[in-house]
Structures are given as structure tokens and as C-alpha cells.
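A quick write-up on the structure given underneath.
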Amino acid sequence: MNSYGRYLPYLAASDVSGEAMVEVLEKKHILSGVDIQEGSVRIDYGGESLSSILGYTGPVSDEELEAGKREGTVCTKQSMIGKGGIEKSMEGWLRGRDGMEQFYTDVVGNRNMPRMRTRR
């Protein structure tokens, strides 16, 4: 891993319980560099009857990452991409853009500062 790679986010766990999130947040002062991020998940309402048509998503592989660089597609090691079916054929349209939105809230969750957006 090059020196830049040490600073890229790494997914250590997903779909964790609320209790686990609270525990990490309570110990954040001793867990240097650890953070909690919410992510999005595609939900298909069709069950197994549509699964072979809709396809599935998964993390980008090293080969797909290299192919994407050659084709000009912006992906990172943390990207989830379409791997089969419509998910794969419509990947460019479904995925949208990588980026983040950061904002501050008061104690009850109301946004009280202007938000900042970054996009790649």
C-alpha cells in the first residue's frame, strides 16, 4: 500500500446495531481515526421473481477499478457497483456521483449550519 492509501476510508463493519454505533461514538476519543458513516442501499421490491432480471450489486474489484480508470469511470475501492442484470447494464445511471454532504445539527437533530457538499 502506498503512503496515500493509508488515509483512504476503510469499511470495517456494515449493518451494525444501534448499540454498536453508540459504543463506538462513546469511545471515539480512544479510537483514533474511527468514524461512523451512513450509506445507501438499493432496495428492489420484487423479491426472487425479479432477481435474475434486476441483478445485484457488490464492491468494486481491482480488475473493475482498473477497467474503470481506462474508460474514465470514477470509482474508488469503497464503491458499490452493479455486478449483473439491469444493475450492471444501467450502472452509470443508477450509481449517481460519489461525494459527501457534511452539516452540523443541534441536540435535537435540526440543521443549524450551512451544509458543505463535495463531489468527484
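The values are calculated or read from the model by the stated rules, or taken from the named source; none is laboratory data. In this text the structure is predicted, and so the values were computed from the model without any measurement. Note that we place each Cβ from the backbone using ideal geometry, even for glycine, and neighbour counts take in every protein chain shown. Side chains are part of the model used for accessible areas, which takes the heavy atoms of the whole protein and leaves out ligands, DNA and RNA. Shrake-Rupley method; radii C 1.70, N 1.55, O 1.52, S 1.80 Å.
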**Q.** Asp44 being surrounded by fewer than 10 Cβ atoms within 10 Å (Cβ to Cβ) and modelled with pLDDT under 85
**A.** no
Q | Selected residue [among the aliphatic types (A, V, I, L, M), closer than 21 Å to Gln102 by Cβ and at pLDDT 80 or above] from Leu25, Leu54, Leu50 | A | Leu25
**Q.** Subset of the stretch 67-88 [open to solvent by 90 Å² or more (accessible area, probe 1.4 Å), at pLDDT 80 or above and in a helix (DSSP H, G or I)]
**A.** Lys88
